[in-house]
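The values are calculated or read from the model by the stated rules, or taken from the named source; none is laboratory data. Quick caveat: nothing in here was measured; it's all calculated off a predicted structure. Please note: Cβ atoms are built from the backbone with ideal geometry, for glycine as well, and neighbour counts cover all protein chains shown. Side chains included, ligands, DNA and RNA excluded: accessible areas come from the protein's heavy atoms. Shrake-Rupley method; radii C 1.70, N 1.55, O 1.52, S 1.80 Å.
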Amino acid sequence: MSHTTALKAVEMRDESILLHVAEQLKLKHLGKREFTMFDSTKHTGHGFELAGWREPVVINTATGQAAYDNYNGHWGNQIELDKFCQAYAAESNRRQAAAQGYVMQEEYLPNGDIVQTFESLQMG
């Protein structure tokens, strides 16, 4: 049975980060509008086409949530959405660190995880 899922793990509220990350990942942006999912539910936000996904992922920047229907992996590999969320979180961290005067180092692990280390430039 198909149903729309709302993702809450990463709140994607910053439109500039969202669009930047989508461009980096070469995701097709379907615009900002109302989308009707397979189960007839309606979701408003930025729609993105993920590689191999039948239905769009819709990000509502007002709530920070993603709505999607990948039919438990039959209509799209969850890994593609996980990459999108991870890239958003990493870019958000980069921008926040820079704004607060931190230097950040990143290490990309073989399993795809990113380790971000922050260091303050302030002395004393």
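Label separation (residue 86 vs residue 42): 3.6 nm, computed from points 7 Å beyond Cα along the C-beta direction. Apolar share of the accessible surface for the chain: 50 percent from carbon plus sulfur atoms, 1.4 Å probe.
Between the residues 114, 25, 35, the greatest Cα displacement towards the positive end of the dipole of the chain, with unit charges on the Cβ of Lys, Arg, Asp and Glu, is found for 35. Summary of packing: across the peptides 89-102, 60-73, the per-residue average of other C-beta atoms within 10 Å ranks them, highest first, as 60-73, 89-102.
Relative contact order for segment 28-69: what percent, with Cα pairs under 8 Å and sequence separation of 6 or more?
Values: 81 pairs, mean separation 13.3, N = 42.
Computed value for segment 28-69: 32 percent relative contact order.
Our summary gives the chain a relative contact order of 22 percent, counting only alpha carbon pairs under 8 angstrom and 6 or more residues apart. Here the peptides 30-39, 44-53 are ranked by packing, the mean other Cβ count within 10 Å, and the order with the highest first is 44-53, 30-39. The residues of the chain expose on average 62 square angstrom of accessible surface per residue, using a 1.4 Å probe on protein heavy atoms.
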